[in-house]
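Report on one structure; see the data block that follows.
The values are calculated or read from the model by the stated rules, or taken from the named source; none is laboratory data. None of the values given here were measured: they were computed from a predicted structure. Every residue, glycine as well, gets a Cβ built from its backbone with ideal geometry; the counts of neighbours run over all protein chains shown. Remember, those area values only see protein heavy atoms, side chains included, never the ligands or the DNA or RNA. Shrake-Rupley method; radii C 1.70, N 1.55, O 1.52, S 1.80 Å.
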Amino acid sequence: MRFYPTFFQAVFSRMDPEKAHRVGFAGIRAGRAVRLSTALRVRTRPDPVLEVQALGLRFPSPFGLAAGFDKGAEGIGALTDLGFGHVEIGTVTAQAQPGNPRPRLFRLVEDRAVVNRMGFNNDGAAAVAPRLAAARRELEADHRGRARPVLGVNIGKTKAVPLEDAVDDYLQSTRTLAPLADYLVVNVSSPNTPGLRQLQEIESLRPLLSAVGAAADEAADRHVPLLVKIAPDLPDEDVLAVADLALDLGLDGIVATNTTISREGLVSDPAAVEACGPGGLSGTPVRRRSLEVLRLLHERVGDRLVLVSVGGVSTAEDVQERLGAGATLVQGYTGFLYEGPFWARRINQGLARAARRRA
């Protein structure tokens, strides 16, 4: 019998969603602080059969935690103790910013979905950098002799910076954080920073990605794998245009997809949906479009790019479906909120069973 669904219904569902996130994340970090999660690591560590080589890196599992949960690199070690093969922190901006006014996070439980308009609330690149450095040291110490969980960094535009200065803003974050990242993701697809999605237009995206890629490698004195994260709301022709651009620029991969501004197909009470207001929708309702975008990208790029699929993933079967559709790596986020701390372990166990049946 699983305890967390009952706990969620009795406690977290009655709590403001953002407060529930803070409380839950604090509990996860506390587990590591008292070395409980270190003891659990023996049971949550992914089976070696799941190891994946991608981006020139060794991932202990293809399943990882998407950006948005740990915005400031405050709990990387604790999260990897739960079994995630990689943790992508962020979105981090060059300047610290509080994000949008509260309330800004809402649940649609009947749809197993979340609406957020957080607005890249974070402490800024300079504050996050030393936490990343400490987390890397901890991961290397914790996983000697094994594939250690991979550390991704997702960067975005500071809200106060005008679009015409976006490249310089991204470069500030890049130079600060790239030396500490296993891979870097340029986020141009959040719906919660005004004008940000305009940067997905090819004429804007090309100079941005070119500049970030060059600056990342120079700052780190090595090649830092670079990916771009796109929205599910892009028309198919624009998805393909981004794929072609990624190939042309020599990018390492694409993360697909971010949250959607669509509200189609929801089963929740329309009044409840309306009460959430604007923002990005994540969770089960994004599943179909996220899978469509993945298949579209894979048909275009084949194995020339690493495709990271995110959006509507809940089960090991969902992850396996994405891998079968062309993803090399899969990420989840909203499912973590509904499934609880042993979600990654259950998914890894299901993937391992499937892998051994195929062997």
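Ranked from largest to smallest solvent-accessible area, with a 1.4 Å probe on the protein heavy atoms, Val167, Val301 come out as Val167, Val301. Based on the reciprocal of the average 1/r between different C-alpha atoms, the Kirkwood radius for the range 184-242 equals 12.2 Å.
Here the range 1-105 is treated as an ellipsoid with the same Cα gyration tensor; its semi-axes, largest first and in whole Å, are 26, 21, 13. Taking Lys and Arg as +1 and Asp and Glu as -1, the other residues whose beta-carbon sits under 13 Å from that of Leu132 total -3.
A simple spin-label model places pseudo-atoms 7 Å from Cα toward Cβ; at Arg346 and Phe3 they are separated by 1.5 nm.
Taking a sphere under 14 Å around the Cβ of Gly250 and counting the other residues whose Cβ falls inside, with K and R at +1 and D and E at -1, yields a net charge of -2. Counting only protein heavy atoms and a probe of 1.4 Å, the accessible surface of the range 217-270 is 47% carbon and sulfur.
Ranked by solvent-accessible area (1.4 Å probe, protein heavy atoms only, all chains present), the residues His143, His223 order from largest to smallest as His223, His143.
Projected over every direction and averaged, the convex hull enclosing the alpha-carbon atoms of the range 57-203 yields 9.7 nm². Normalised by the number of residues in the range 61-170, the mean separation of alpha-carbon contacts (under 8 Å, six or more apart) gives a relative contact order of 32 percent. Counting only protein heavy atoms and a probe of 1.4 Å, the accessible surface of the range 1-78 is 59% carbon and sulfur.
These residues, Asp111, Asp238, go from largest to smallest accessible area, 1.4 Å probe, as Asp238, Asp111. Residues in the chain average 42 Å² of solvent-accessible surface per residue, probe 1.4 Å, ligands and nucleic acids excluded. Report, for the chain, the % of DSSP beta bridges that are antiparallel, rounded to 5. Bridges in the chain are about 30 percent antiparallel. Partner lysines whose Cα lies under 20 Å from the Cα of Lys19, excluding those fewer than 8 positions away in the same chain, are identified as Lys71.
Checking every one of the trypsin sites (Lys or Arg not before Pro) in the range 176-264 against DSSP loop status and a limit of 15 other Cβ atoms within 10 Å picks out Arg222. Accessible area per residue was computed with a 1.4 Å probe on protein heavy atoms; Met15 scores about 40 Å². Among the listed values (1) 15; (2) 22; (3) 7, the one computed from these coordinates for percent of Cα pairs over 39 Å apart is (3).
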